[in-house]
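Only one structure is covered here, and it is reproduced in the block below.
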Amino acid sequence: MIAPKKTYTLSEATKKLESYCAYQDRCHKEVQEKLRKMGMIPEAIDHVIGFLIQENYLNEERFARSFARGKFNIKKWGKNRIVNELKQRDISKFTIKAALEEITPEAYHTTLDTLAKKRLAEIREKDLQKCRKKLADYLLYRGWESSLVYEKIFELIPRS
């Protein structure tokens, strides 16, 4: 026998989402998804989201900035990957641009250099072309711009 799905009043849902947003910055899409899973109707979803924005529990720019900072500093993602992930969360181009300002050019190039050297030390391939390809694939997957990646590869593994 399947247990009936729990239903929430508007105030219960609001309280639950307040703590959900206070725990960690969230984007509008995540909050809408959470409310939909709770079985809330569209009017109630709009009301709760409006309240969360008004009370500053939900702030898309703050979310985007902390997301970009975190993914760059912790996961060492490049700008392409960060932009794609933010687009999947329906973040506006303006907000994405503001989020990328969190990453300084010096830190960006230093991180790429460190990441490329670390990965190159892990690659056990003797063929230089295959070695370059493995390094390029790794860095491109992590969202680094192809021009920077190939520039870095030919700096680290010069053409013979």
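The values are calculated or read from the model by the stated rules, or taken from the named source; none is laboratory data. All of these numbers come straight from a predicted model, not from anything done at the bench. Methodologically, a virtual Cβ is constructed for each residue, glycine included, from the backbone with ideal geometry; neighbour enumeration extends over all protein chains shown.
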Which numbered condition residue 75 misses (of (1) at pLDDT below 95; (2) part of a loop (DSSP other than H, G, I, E, B)): (1)
Those residues of the range 37-62 which are in contact with a Leu (Cβ under 9 Å, 6 or more places away or on another chain) and assigned to a helix (DSSP H, G or I), in sequence order: 44, 45, 47, 48, 49, 51, 52
Could you list, in sequence order, all residues of the range 90-141 that are more than 30 Å from residue 60 (Cβ to Cβ) and among the small types (Gly, Ala, Ser)? 116, 121, 136
Quick one: which residue in 116, 136 is in a helix (DSSP H, G or I) and without any contact (Cβ under 8 Å) to a residue 24 or more places away in the chain? 136
Out of the residues in the range 80-92 meeting the condition of being under 22 Å from residue 140 (Cα atoms) and not β-branched (Val, Ile, Thr), tell me which one is surrounded by the fewest Cβ atoms within 10 Å (Cβ to Cβ). 88
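Here are some residues: 99, 44, 68. Which one is modelled with pLDDT under 95, of a type in the set (Gly, Ala, Ser) and either farther than 17 Å from residue 26 by Cα or crowded, with 16+ Cβ neighbours inside 10 Å (or both)? Quick ask: steps written out before the conclusion?
Values: 99 fails: modelled with pLDDT under 95; 68 fails: modelled with pLDDT under 95.
It is 44.
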